[in-house]
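Quick notes on the structure that follows.
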Amino acid sequence: MTSPRTLLILAVAMGLSACAGGFRGDGAGSGYGSGTGAGAGAGMGVYDPASPQYFNQTVGDRVFFAVDESTLSAEARATLDAQADWLIRNPEYSAIVEGHADEQGTREYNLALGARRASAVRDYIVERGVADARLRTVSYGKERPIEICSTEACYSKNRRAVTVISAGSSS
Amino acid sequence: MRHLATYLLALALSTLAVAGPGAQAQGRDGPLRIEITEGVIEPLPFAVPDFVAEDGRARDLAAQIADVVAADLAGTGLFREIPENAHISRVTSFDSPVQFSDWKAINAQALVTGAVATGAGGRLTVKFRLFDVFAEAPLGEGLQFQGSTGSWRRMAHKVSDAVYSRITGEAPYFDSRVVFVSETGPKNDRRKRLAVMDYDGANMQYLTGDQSLVLAPRFSPDGRRVLYTSYETGFPRINILDVTTVQRRALDDQPGTMSFAPRFAPDGRTVVFSLNRGANTDIFTLDLASGERRRLTSSAAIETAPSFSPDGRFVVFESDRSGTQQLYIMSASGGEARRISFGKGRYGTPVWSPRGDMIAFTKQNAGRFHIGVMRTDGSEERLLTSSFLDEGPTWAPNGRVVMFTRETAGAGGAPALYSVDISGRNLKRVPTPNAASDPNWSPLLE
């Protein structure tokens, strides 16, 4: 039986190697890398529940929005409930909420729309009891798509807010 | 035989002087000129034989300057060059009499002749004359420009500007630059950096590296500084950059906020921009000398993309306060705003014409994007382009041409710069070495 401490070290080590290229988050933030597939495979189905990798993979680091909307769906709220619980249990971390838009829109408007989305997520998490000072928001507008086709299949994944965990109680 | 005067008339007919409500927004009484004709103008045939090299070192430049003049004029779509191999006469001396019959024979309506001389210390002298061939007379005085050899393109553009203005009666625009965002890399990992170039794509230089995301550069009224949005700190902030020294500084750093969409006021001392706090984005001005900030809008809606009127009295901007993006005009000190866009779809990125009479904008409707223009009261809306994604118009210094970003669809999609006449004619790509977006056209250079 491995001790919990060994498991934690292993998990962190695996998480880091999966993030080769730096702690680049979904956007340009300096956080623990997320993104699909990060840390998956290699028999690593389970992360330490207190790790940012667990947050990204198991809690779910992102929520999605309808076209030109910043309203949180029931599914998004469920994800954010879990995000808030995780942040409450792990007070040594803070987070940056990144708001994103799909490419169908003008640059400036999409920056403001991404800010609305990030703000909606942040407000919800704060309402669930996470200290305001632990969360910052940033908007990337349409500048950082993760899916690159020009159809709704991609757009629906790009209209997102991603909670990027970083070390430190606040910035 | 058609005279140059006939073409002048044709050009004049394509513009109609109208005094309209736009003049009120400007507080002006004079007539406004607006092109309303969509008809095709037959381009005016002209000849620009190689300029005469007055010394051995001037020979290459004499040919290149003539080429740039020809490209400037033909590039407007209003002129058609008669190529050199069709010329009968050779111009071997700048002051010899022009053989008008030789130019009439090939139907050259306008003839530009010139001479180039080099001097000590890299000095360059360029002179030119413009002739109305069928009237057998010069059109205006001959002109002479002096500069350094390295600025030969600018001197060529100055010749073109003089020719264009004399024939069309319009203000010139060739001696100008464009600042824009140069883009490399795949769509999901795009690298962006600021670059500046001549209006025709020549002499491109980078102004920033590609380490952090940069967006939407905008020239100061004197063309020496550029405002832009940078993610250098991890959050969008407005920077101001000196084009010559490439030194930059953050304009206004308020923690917990994001600032973007900056533009100079016509006096160059005030900046109007968007500031986001939480879910809300509003428009502010910042006095560059005192650092004093002033709030112009305060609704819970998204208010962004502000642009001053050329007299500095008004700001046009976009807001979704009605539910969708629409265009509004308010006083430059804020207060009540008047909506000016009422067509189908969404309207954004309004930019006031340097002439004061029109607003260029991006329109999104039924899955397509358009660049359009309208009067300052919202009347006479005209869409100039249509594509998967056109956005972000910027005006040529004379208010006759707009440049914008056109992005192609799909995984391999990339942006490029295009320009179009405000009549909707002469759509063309502006050459850039990489993908490019967010052009901003400088004023005419000094």
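The values are calculated or read from the model by the stated rules, or taken from the named source; none is laboratory data. All values derive from a computational prediction rather than experimental measurement. Cβ coordinates were reconstructed from backbone atoms using ideal geometry, including for glycine residues, and neighbour counts include every protein chain displayed. All accessible areas refer to the heavy atoms of the entire protein, side chains included, with ligands and DNA or RNA removed. Shrake-Rupley method; radii C 1.70, N 1.55, O 1.52, S 1.80 Å.
Comparing B:VAL401, A:PRO145, A:GLN83 along the charge dipole axis of the protein assembly as shown, the residue lying farthest to the positive side is A:GLN83, per the Cβ-charge model.
Helix B:59-75 axis versus longest C-alpha principal axis of chain B: approximately 60°, rounded to the nearest ten. The alpha carbons of region B:177-441 stretch over 44, 40, 34 Å along the principal axes, in descending order.
Summing Cβ point charges (Lys, Arg +1; Asp, Glu -1) relative to the Cα centre of region A:108-171 gives a dipole of roughly 80 debye.
In debye, nearest 20, what is the charge dipole magnitude of the protein assembly as shown about its Cα centre with +1 on Lys and Arg Cβ and -1 on Asp and Glu Cβ, if you could check?
About 660 debye.
Given R0 = 25 Å, the distance between the Cβ atoms of A:GLU92 and B:SER212 translates into a calculated FRET efficiency of 0.35. Between B:ASP311 and B:GLU84, the modelled label-to-label distance comes to 4.9 nm, taking each label 7 Å out from Cα in the direction of the beta carbon. Using just its DSSP H runs of length 4 or more, each adding -39500 (n - 2.57), chain B gives a mean residue ellipticity at 222 nm of -4000 deg cm²/dmol after division by all residues.
One Cα centroid belongs to region B:370-446, the other to region B:128-196; the line between them spans 18 Å.
Any chance you could give the angle, 0 to 90 degrees and rounded to 10, that helix B:4-14 forms with the longest Cα principal axis of chain B? It works out to around 20 degrees. Using the Karplus relation 6.51 cos²θ - 1.76 cosθ + 1.60 with θ = phi - 60°, the per-residue 3J(HN,Hα) values for region B:182-197 come to 8, 10, 9, x, x, 4, 9, 7, 6, 9, 10, 8, 7, 9, 10, 8 Hz, with x marking Gly and Pro. For the peptide A:109-122, the mean number of other protein chain Cβ atoms found within 10 angstrom of a residue's Cβ is 6. Name the shape class, rounded, prolate or oblate, that the alpha-carbon gyration tensor gives for region B:179-247, where a ≥ b ≥ c are the square roots of its eigenvalues, rounded holds for a/c under 1.5, and otherwise prolate holds if a/b is larger than b/c and oblate otherwise. In terms of gyration-tensor shape, oblate.
Neighbouring Cβ atoms from other chains, within 10 Å of the Cβ of residues in B:276-283, number 6 on average. When a/c reaches 1.5 or more, the comparison of a/b and b/c decides; with that in mind, is the protein assembly as shown rounded, prolate or oblate per its Cα gyration tensor? Since a/c reaches 1.5 and a/b is larger than b/c, the shape of the protein assembly as shown is classed as prolate. Shape analysis of chain B yields a ratio of the Cα radius of gyration to the Kirkwood radius, Rg/Rh, of 1.00.
Just by accessible area at a 1.4 angstrom probe, what is the order of B:LYS127, B:LYS344 from largest to smallest?
Details: B:LYS127 45, B:LYS344 155 Å².
Descending order: B:LYS344, B:LYS127.
Mind checking which of B:THR168, A:PRO52, B:SER341 is farthest towards the positive end of the protein assembly as shown's charge dipole, using Cβ charges of +1 (Lys, Arg) and -1 (Asp, Glu) about the Cα centre? Farthest along the dipole direction, towards plus: A:PRO52.
Its Cα centre serving as origin, region B:177-441 has a Cβ charge dipole (Lys and Arg +1, Asp and Glu -1) of approximately 260 debye.
In terms of its C-alpha gyration tensor, region A:42-116 has a prolate overall shape, because the principal axis ratio a/c (a ≥ b ≥ c, square roots of the eigenvalues) is not below 1.5 and a/b outweighs b/c. Give me log10 I(q)/I(0) at q = 0.14, 0.22 Å⁻¹ for region B:43-168, Debye formula, one equal scatterer per alpha-carbon, no solvent. Taken in order of the listed q values, log10 I(q)/I(0) reads -0.53, -1.32. Only lysine pairs 8 or more places apart or on separate chains count here, and in the protein assembly as shown those with Cα atoms under 20 Å apart total 8. Projecting the Cα positions of B:GLY367, A:ALA133, B:LEU207 onto the charge dipole of the protein assembly as shown (unit charges on Cβ atoms of Lys, Arg, Asp and Glu, taken about the Cα centre) puts A:ALA133 furthest along the positive direction.
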